[in-house]
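Taken together, the values in this text are just the output of simple stated rules run on the coordinates, not laboratory data. Note that this is a predicted model, so its numbers are computed, not measured.
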Amino acid sequence: MKLKIIETEDGSFTYQKGDITYRSTHGAKSESLHVFVQASQLLKQNLSQWYVLELGFGTGMNLAATFEIAQKNNIKLVYYSLEPNLMPVNMLIVPDFIKNNLNEGVFENENLELHILPFRWQDWDACLGESQRTTGNHRGLPLQFPNENLNETKRQPPQGLVLQDTRFGEGLFDAYYHDPFGPSQSPQCWTPACFEWAYSLLKDDGILTTYGASGQARRAMQAAHFVVAKGPGSGRKREMTIAGKHAPRLEQPGYESFTILKSRHVGERAQS
Ligand SMILES: C[S@@+](CC[C@H](N)C(=O)[O-])C[C@H]1O[C@@H](n2cnc3c(N)ncnc32)[C@H](O)[C@@H]1O
């Protein structure tokens with residue numbers, strides 16, 4: 001099925017494939033700003049660099065929105081995004097200077113360090129182990145719709161990936177953008193195992209944000225030891241979800257419109 005570019009209600013663009021859209025048709029950029037940039041409270045943390053991890057690079061809209069705010073505030077953005085089905089680079093909705101200088105999924109200048117990791121979260125450990133290997137160019141791969149078949153979507157990390165970087169490891173990220181397709185398309189992205197993976201990579205004060213608002217998704221986050229809160233969604237979505245490693249983080253100023261949810265999972269180990 002072909003990807004179709006569509007204009008959304010705030011004038012920004014996204015892609016549609018069948019009845020699935022990459023971002024909300026009620027405002028693609030507004031959704032990125034509300035659900036990911038604002039709800040992660042990156043700006044409130046007084047950081048000189050932002051370390052963001054994303055599941056699902058898609059069109060690149062979340063990167064573009066985050067970079068715009070970082071730039072306005074003179075903050076360097078270090079952005080890692082997993083994307084097993086990268087669309088051709090010329091279709092991405094990111095500034096031209098990024099598209100034109102993306103090399104093996106990596107872009108770097110003094111304001112932005114971007115790494116698009118061409119594999120799924122499930123393959124994280126395997127790809128970390130393979131970080132010494134070199135690979136071919138994964139740019140411009142024909143778009144495949146996500147599937148759960150490891151062999152079909154698993155790719156080796158690109159050459160020069162910073163997985164050997166000593167900064168990289170558990171507890172690096174200030175924000176984790178959980179942005180896969182919904183549970184019917186990407187069920188493995190909504191499991192306790194996936195949220196445990198994210199938990200291990202977030203800093204103690206780091207925040208998970210997602211448009212996802214189902215009870216099942218929230219329980220999966222709680223099973224992975226996250227404290228979970230619900231708040232107003234973007235556009236016509238009633239709710240969205242944030243999660244952190246401890247309740248006081250979700251009670252900080254700016255989160256007044258969020259309500260922490262009770263967990264039945266306190267002290268339990270997550271089940272995958
Ligand atoms: C909703 S789109 C992401 C939208 C994107 N963040 C943007 O700003 O345009 C979901 C993306 O998640 C990717 N995805 C699906 N399963 C995944 C997995 N297991 N691990 C990582 N990414 C996955 C898909 O290929 C798809 O591009």
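Data for the structure
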| quantity | calculated |
| --- | --- |
| Stretchable slack from N111 to K72, in nm (0.36 nm times residue separation minus alpha-carbon distance) | 12.9 nm |
| Listed residue pairs exceeding 25 Å between alpha carbons, taken from K29/K245; K4/K44; K2/K29; K17/K99 | K29/K245; K4/K44 |
